Amino acid sequence: MTKAKQHIIDDAFRLLAKNTELSLREYTIFTQCQADIEQSLRQHINRFSTTLYGAFLRKSIVSPLSDNVVDMLIVFSEQDISNVPPSRVLEKLYETMVQHYPGTEEIKNQSAVILPIKDLHYKIRPAYALSSNTYMVPDKNFDEWSKYDINAYSEIFSKENVAHKNKLLEVIRLVKTWNRFSGNFFNGYFLELLITQVLSSYEITSYPETLLYIFKAILPKAAVQQHDPANVEFMIDGLNNMENLITAMRLIKQSYTLTDEAIAFEQKGEIDKALNNWNKLFPQVFPTQVDMAVGRTRNSGMKGADALRALLDQKKA
């Protein structure tokens, strides 16, 4: 194996992790959509505010933006809605928003309204504030208001991410990218909770080994509900659709096998075979050797003929 090929897999994963990170332009789109929703709602309601939370604040939403779910609260004054059944508030919210966003859906088992805008899906809940991070939101099981701390999991995640030297965030985005390009079977928030849990006593030393550990660890847990740290009485389903249970379990097993084989191929110096497996695991998005070469020339500041020469040398290696 040539020296140029020794670090190909590591370089590819570093680039993939970087590519899943949102750009400043993408973050701007979130706030633009938030402002658009507010403007539409103000045509009908005067007293309210909005707040984005969840994966948006943890920066665990993955690039590209398409099909990402964005959590948002529409916060009313306590005196306006605290004595009104949440079901009635949700119904009114749905009737209002569907006038401006025709694809809007009311998801009753999640006590939320899903609003499509610019390839994103805003998951909106009505709420009223108790404190800066604690709100009363619709209970998923009863037609009443329940306490919800939007910062509860973020605090857990932040501590774990620091303990993992900021690598936990990158791993979560990698797994969410895998989920997206594998059929989006799993709930993104559920995956975050589960990954944080299974890696709590694991040292992240390499992306491939960590993915192997995750696929093995989550197999018996992927179909089991997780308690929501924001309110432990709220349960988070692992699958977006329980009818896909068998397919989802098969996917995890196949992904474990592909990862195990890819690691073995790399250890034997069979880099092309390893890359082929990683491409199956991350179809359409796993970096090619040319992608990595371009990235290295950019990072080194090479331009013009020097950059072209480096790319040609990479192809010969």
Qualifying positions in the range 231-244 - more than 26 Å from residue 156 (Cα to Cα) and either assigned to a strand (DSSP E or B) or within 20 Å of the chain's Cα centre (by Cα) (or both) = 241, 242, 244
Of all residues in the range 65-93, count the ones that are without any contact (Cβ under 8 Å) to a residue 24 or more places away in the chain and either closer than 25 Å to residue 154 by Cβ or among the charged types (D, E, K, R) (or both).
-> 3
Identify the residue in the range 16-56 that is part of a helix (DSSP H, G or I), of a type in the set (A, V, I, L, M) and surrounded by fewer than 16 Cβ atoms within 10 Å (Cβ to Cβ) and, among all such residues, is farthest from the chain's Cα centre (by Cα).
-> 35
Taking the range 276-290 and keeping residues in a loop (DSSP other than H, G, I, E, B) and of a type outside the set (A, V, I, L, M, F, W, C) leaves 283, 284, 287, 288
What do you reckon, is residue 96 over 22 Å from residue 150 (Cα atoms), outside the structural domain of residue 241 (by TED's automatic domain parsing), outside any loop (DSSP other than H, G, I, E, B) and in contact (Cβ under 8 Å) with a residue 24 or more places away in the chain?
-> yes
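Residues are listed down the side, and each one gets a yes or a no for (1) touching a strand residue (DSSP E or B) at 6+ places or on another chain (Cβ under 6 Å); (2) more than 20 Å from residue 188 (Cβ to Cβ); (3) surrounded by 18 or more Cβ atoms within 10 Å (Cβ to Cβ):
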{"residue": "218", "(1), (2), (3)": "no, no, yes"}
{"residue": "224", "(1), (2), (3)": "no, no, no"}
{"residue": "230", "(1), (2), (3)": "yes, no, yes"}
{"residue": "237", "(1), (2), (3)": "no, no, no"}
{"residue": "240", "(1), (2), (3)": "no, no, no"}
{"residue": "247", "(1), (2), (3)": "no, no, no"}
{"residue": "251", "(1), (2), (3)": "no, no, yes"}
{"residue": "259", "(1), (2), (3)": "no, yes, yes"}
Output the residue which, of all residues in the range 110-140 that are touching a Lys or Arg at 6+ places or on another chain (Cβ under 7 Å) and not hydrophobic (A, V, I, L, M, F, W, C), is farthest from residue 90 (Cα to Cα).
-> 134
Consider residue 201 carefully, then state whether it is over 25 Å from residue 274 (Cβ atoms) and buried (at least 18 other Cβ atoms within 10 Å of the Cβ).
-> no
Can you tell me which residue in the range 105-141 is farthest from the chain's Cα centre (by Cα), limited to those that are among the polar types (S, T, N, Q) and farther than 18 Å from residue 52 by Cα?
-> 141
State whether one or more residues within the range 63-79 are within 23 Å of residue 174 (Cβ to Cβ) and assigned to a helix (DSSP H, G or I).
-> no
Could you run through the range 100-111 and say how many residues are touching a residue at least 24 places away in the same chain (Cβ under 8 Å) and either farther than 20 Å from residue 47 by Cα or surrounded by fewer than 14 Cβ atoms within 10 Å (Cβ to Cβ) (or both)?
-> 4
Complete set of residues in the range 31-46 that are of a type outside the set (Gly, Ala, Ser) and modelled with pLDDT of 95 or more | 32, 33, 34, 36, 37, 38, 39, 41, 42, 43, 44
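The values are calculated or read from the model by the stated rules, or taken from the named source; none is laboratory data. From a predicted model like this one, the values you see are computed outputs, not experimental measurements. Quick reminder, even Gly has a Cβ in these numbers, built from the backbone with ideal geometry, and neighbours come from all protein chains shown.
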